[in-house]
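Since the structure comes first, as structure tokens, the remarks are kept for the end.
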Amino acid sequence: MENIQTNKANNVEEYIASIPDSAQRATLEQVRAIIKNAIPGVEESISYQLPAYRYHGVLIYFGAWKNHWALYPVSSAMKETFRDQLAAYKLTKGGIQFPWDEPFPRKLITRLVEERIAENLAIEKQKTTKKNKK
């Protein structure tokens, strides 16, 4: 996969600004807004040269590629939960690829982000419960 980001960004704004196509930049801005609206104050950074978000652990990454943009990580449980909605997209081991030339799936992206939040909170609760039992 060819990452279309043209330089090594220091922050998410730089990453998005480096995307040559304005429609693609607008798509990534929508993804960013959904994430930030879901969790005001979410920790935003660049990790593995991709926009990354942390909330009780790694929450979600997104990236721009030549023929698609993608979300990571996507768990097996999420793939199963959203099987019907994701049928139209290419799934990789840990991600979902969304073609640039298809309409932006706002509701689906919002639900995927919400599911990742729930997963992170459940994992944290599980870890806390295990610690308290010791």
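All of GLY63, GLY57, GLY94, GLY41 fail the test of being under 25 Å from GLU14 (Cβ atoms) and either touching a Cys at 6+ places or on another chain (Cβ under 7 Å) or crowded, with 17+ Cβ neighbours inside 10 Å (or both), apart from GLY63. Across the stretch 50-87, the number of residues qualifying as farther than 18 Å from ILE35 by Cα and not aromatic (Phe, Trp, Tyr) comes to 13.
Checking each residue in the stretch 97-124 for being loosely packed, with under 14 Cβ neighbours inside 10 Å and without any contact (Cβ under 8 Å) to a residue 40 or more places away in the chain picks out PRO99, ASP101, GLU102, PRO103, LYS107, ALA118, ALA122. When residues in the stretch 59-77 are screened for being out of contact with any strand residue (DSSP E or B) (no Cβ under 9 Å at 6 or more places or on another chain) and touching a residue at least 12 places away in the same chain (Cβ under 8 Å), 2 of them pass. ALA9 meets each of the listed conditions (1) modelled with pLDDT of 95 or more; (2) in a loop (DSSP other than H, G, I, E, B) apart from (1). ALA70: surrounded by fewer than 14 Cβ atoms within 10 Å (Cβ to Cβ), closer than 22 Å to PRO103 by Cα and touching a Phe, Trp or Tyr at 6+ places or on another chain (Cβ under 8 Å), yes or no? Criteria not met by ALA70. Quick check on PHE82: is it touching a Leu at 6+ places or on another chain (Cβ under 9 Å) and more than 26 Å from ILE16 (Cα to Cα)? Taking the combined requirement at face value, the residue satisfies it.
Against the condition surrounded by 19 or more Cβ atoms within 10 Å (Cβ to Cβ) and among the small types (Gly, Ala, Ser), how does ALA77 come out, does it pass? Judged against the criteria, ALA77 is not a match.
The values are calculated or read from the model by the stated rules, or taken from the named source; none is laboratory data. Since we're looking at a predicted model, the values are computed, not measured. Backbone-built Cβ (ideal geometry, glycine too); neighbour counts: all protein chains shown.
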